[in-house]
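Q: Can you read through this structure? Questions will come right after.
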Amino acid sequence: MLPTEATIVRRDSHPLGKRAFPRRTRNSGLAALAIGLVLMFWPGSGLVALGWAIAFSALAIAVVMFFLAARFKRAGDRLGMRSVNR
């Protein structure tokens, strides 16, 4: 099959064109740069903020784990009753 004009891709261009590097990648890089600069210039407040972020994420993970444990317990109880009643 011979390549037609529609299938030829230049080697120096990305297959996705302008969508190869979306804006959000640039935005996340700028956010990381800003966080890094804050930690460099104000290390005390940056460490406190980092500690709060870790604490909130630990609390969120604990809530999710308790929720999943309750669901699995209920599911295990329902399956256990079905196998006993047979």
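Every number in this text was worked out from the coordinates using simple rules, so none of it is lab data. What you see is a predicted model; the values in this text were computed from it and never measured. Counting neighbours? That spans all protein chains shown, and the Cβs are built from the backbone with ideal geometry, glycine included.
Q: Take peptides 65-78, 37-50 and line them up by average Cβ neighbours within 10 Å, highest first, as a rough protection proxy. Walk me through the numbers before you get to the answer.
A: Numbers: 65-78: 9.9, 37-50: 11.7.
Per-residue Cβ counts within 10 Å, averaged per peptide and sorted highest first, yield 37-50, 65-78.
Q: Efficiency by 1/(1 + (r/R0)^6): what FRET value for LEU37 and SER57, r their Cβ-Cβ distance, R0 = 22 Å, to the nearest 0.05? Provide the component values of the computation, followed by the final result.
A: Working: r = 22 Å, r/R0 = 1.02.
Working from the Cβ atoms, E equals 0.45.
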